[in-house]
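Enquirer: One structure, pasted below without further comment.
The values are calculated or read from the model by the stated rules, or taken from the named source; none is laboratory data. Please read all numbers here as calculations on a predicted model, not as lab measurements. Glycine also receives a Cβ, built like all others from the backbone with ideal geometry; neighbour counts cover every protein chain displayed.
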């Protein structure tokens, strides 16, 4: 009886996953973006489009979703979770999910194609330039780090899950608030590498949140990381408010007094981002 119940439970779970995948396919239109000799297939969903320009959200899939069917990438659990979050929270957004060709990667030549795809929406005036977000898991998490490193001052915030930031420029990444999640039982991606990179980004003045989930495997991390609280933080970020992405508030500074980014005078032992003589830097670390 127990074995029969388990079989039924697994069958229902698989059926639910297939239904969710089919549902996702119906919400996303098909398109292809071409840059020079490179073509990138992608899917696009318009969510809760209200007055004003929508946010622009991109998810970069993992290695197992590579191909040329422009469908497999939507089967990743994260796509459905992010999509439903945007719907449930009535966030006006254009959600882009490109597909990397077999044998390719997000850190190669495609990194520019992906970025130019997003810029095409901003240039056309159909997306809010202050609310462009990139997320990704596994190969896509690594690709997310690559986007921040190669295109600083473009994204409002990012979420890299189970990714590898090796080779990325900490100073460039520091221009974008980032949230990353790693699993303690992940035998593919190294927590030590991410923690070392975190210290470099923070030293460069960046906002870097890192959660390490105990017992999570690589797959667990890729599927379970996109919680409401993390997405709340991500989508609360804008390039024109809060964090290191914000323009500095104009204050009357002299060469001795320091101010925080809210324009409030602080003492010399204050730890954080400060303004002194019109320049922003990380103080006290």
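Enquirer: Do the conditions hold for residue 54, that is, is it touching a strand residue (DSSP E or B) at 6+ places or on another chain (Cβ under 6 Å) and surrounded by 21 or more Cβ atoms within 10 Å (Cβ to Cβ)?
Expert: Numbers: touching a strand residue (DSSP E or B) at 6+ places or on another chain (Cβ under 6 Å): yes; surrounded by 21 or more Cβ atoms within 10 Å (Cβ to Cβ): yes.
In short, yes.
Enquirer: Restricting to the stretch 6-22, name every residue that is surrounded by 13 or more Cβ atoms within 10 Å (Cβ to Cβ) and at pLDDT 50 or above.
Expert: 21
Enquirer: Looking at the stretch 184-194, can you tell me whether even one residue there is more than 14 Å from the chain's Cα centre (by Cα) and in contact (Cβ under 8 Å) with a residue 40 or more places away in the chain?
Expert: Yes - at least one qualifying residue is present in the stretch 184-194.
Enquirer: Right, another one. Taking the options 130, 102, name whichever one is in a loop (DSSP other than H, G, I, E, B), surrounded by fewer than 17 Cβ atoms within 10 Å (Cβ to Cβ), modelled with pLDDT of 95 or more and touching a strand residue (DSSP E or B) at 6+ places or on another chain (Cβ under 6 Å).
Expert: Answer to the check: 130.
Enquirer: Let me ask something else about it. Please indicate, with yes or no, whether at least one residue in the stretch 218-229 is more than 22 Å from residue 61 (Cβ to Cβ) and at pLDDT 50 or above.
Expert: Checked the stretch 218-229: at least one residue is more than 22 Å from residue 61 (Cβ to Cβ) and at pLDDT 50 or above.
Enquirer: Can you name every residue in the stretch 235-245 that is in a helix (DSSP H, G or I) and modelled with pLDDT under 95?
Expert: Selection gives 243, 244, 245.
Enquirer: State all residues of the stretch 229-239 that are in contact with a helix residue (DSSP H, G or I) (Cβ under 8 Å, 6 or more places away or on another chain) and under 18 Å from residue 162 (Cα atoms); if no residue qualifies, say none.
Expert: 231
Enquirer: Shifting gears a bit: Tally the residues that are part of a helix (DSSP H, G or I), in contact with a strand residue (DSSP E or B) (Cβ under 7 Å, 6 or more places away or on another chain) and closer than 29 Å to residue 80 by Cβ, restricting the search to the stretch 199-234.
Expert: 7
Enquirer: Look at residue 135 and say whether it is more than 16 Å from residue 63 (Cα to Cα), crowded, with 24+ Cβ neighbours inside 10 Å and in contact with a strand residue (DSSP E or B) (Cβ under 9 Å, 6 or more places away or on another chain).
Expert: Considered against the rule, which asks whether it is more than 16 Å from residue 63 (Cα to Cα), crowded, with 24+ Cβ neighbours inside 10 Å and in contact with a strand residue (DSSP E or B) (Cβ under 9 Å, 6 or more places away or on another chain), residue 135 comes out as no.
Enquirer: Continuing with the same structure: Say whether the condition of being closer than 16 Å to residue 78 by Cβ, buried (at least 19 other Cβ atoms within 10 Å of the Cβ), within 17 Å of the chain's Cα centre (by Cα) and touching a residue at least 24 places away in the same chain (Cβ under 8 Å) is met by at least one residue in the stretch 209-219.
Expert: No, because not a single residue in the stretch 209-219 is closer than 16 Å to residue 78 by Cβ, buried (at least 19 other Cβ atoms within 10 Å of the Cβ), within 17 Å of the chain's Cα centre (by Cα) and touching a residue at least 24 places away in the same chain (Cβ under 8 Å).
Enquirer: Tell me the residue from 45, 93, 31 that is farther than 27 Å from residue 168 by Cα, in contact (Cβ under 8 Å) with a residue 12 or more places away in the chain and surrounded by fewer than 17 Cβ atoms within 10 Å (Cβ to Cβ), please.
Expert: 31
Enquirer: Among the residues of the stretch 80-97, are any assigned to a helix (DSSP H, G or I), touching a helix residue (DSSP H, G or I) at 6+ places or on another chain (Cβ under 7 Å) and over 16 Å from residue 235 (Cα atoms)?
Expert: Yes - at least one qualifying residue is present in the stretch 80-97.
Enquirer: Could you list all residues from the stretch 168-183 that are more than 10 Å from the chain's Cα centre (by Cα) and either without any contact (Cβ under 8 Å) to a residue 24 or more places away in the chain or part of a strand (DSSP E or B) (or both)?
Expert: Within the stretch 168-183, 169, 181, 182, 183 meet the criteria.
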